[in-house]
Amino acid sequence: MALNTAALDTRIKATVATTMYDMARVNANGYFDSEDSEEKRFEKKSALNALRTAEYAKGEYSRGGGCVELPVPEDTPFYVKDYSEYYKGRAYHERSLNSNEGWNFIGYVPEKAVSGLQGWVDCFEKAGLAGSLFCGGISDSGQAAEKGDELSEAYNFGKALR
């Protein structure tokens, strides 16, 4: 979101985004590509979709990540050690999810997503957020046909927008 906003600001001449490692790759393929197969990725997506639906229904979200407390034990894998020493050490911040309890395991909380989206919408004078709608729980082809109520709700939601 910040990069999108920066791209619209004519005063900004350059932006930089850095990361310790490629989290998109780790999420897709596992650490060191240990889960690099179409079957493993599908299993992971299916498990996350099931968790997302269950947690949304409960209104409670499990946390993943966070850091090992310092000092990190010597037998800790190097990437966990580096991560913890960075986020608990020189990059520590009391409100940082990486420095503390971690982020939502499923990576999506509707309320936080809407809040983040609202921050982006607020950057545009004539824009407004008309509302939001969560219709999750589809993890396999053909399941959308079983979501008639959600599809109708989404259709009516979009139709009512002006």
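The values are calculated or read from the model by the stated rules, or taken from the named source; none is laboratory data. Keep in mind that what you see is a predicted model, and the values were worked out from it rather than measured. Note that we place each Cβ from the backbone using ideal geometry, even for glycine, and neighbour counts take in every protein chain shown. Areas reflect the complete protein model, heavy atoms only, side chains present, ligands, DNA and RNA absent. Shrake-Rupley method; radii C 1.70, N 1.55, O 1.52, S 1.80 Å.
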Next item on the list: Being modelled with pLDDT under 80, part of a helix (DSSP H, G or I), within 30 Å of F124 (Cβ to Cβ) and hydroxyl-bearing (S, T, Y) narrows it down to one of T18, T10, T5, so name that one.
Entry: T5
Item checked: Pair list, Cβ under 7 Å, 6 or more apart: segment 78-106 residue more than 16 Å from Y31 (Cβ to Cβ), other residue of a type outside the set (A, V, I, L, M) and in a helix (DSSP H, G or I) -> S96/Y87; N98/Y87; S99/Y87; S99/K88; I106/R52; I106/E55
Notebook entry, point to check: When you look at Y155, is it among the hydroxyl-bearing types (S, T, Y), open to solvent by 50 Å² or more (accessible area, probe 1.4 Å), modelled with pLDDT under 80 and closer than 26 Å to L48 by Cα, yes or no?
Noted result: no
Item checked: Pair list, Cβ < 9 Å and 6+ apart or interchain, from segment 36-57 residues that are assigned to a helix (DSSP H, G or I) to residues that are open to solvent by 60 Å² or more (accessible area, probe 1.4 Å) and among the aromatic types (F, W, Y) -> L48/F105; L51/F105; R52/Y108; E55/F105; Y56/Y108
Margin query: Give me the residue from segment 88-136 that is closer than 27 Å to T5 by Cα, open to solvent by 50 Å² or more (accessible area, probe 1.4 Å) and assigned to a helix (DSSP H, G or I) and, out of that set, modelled with the highest pLDDT.
Written below: Q118
Checklist line | Considering residues of segment 21-35 that are assigned to a helix (DSSP H, G or I) and open to solvent by 80 Å² or more (accessible area, probe 1.4 Å) only, the residue modelled with the lowest pLDDT | finding: N27
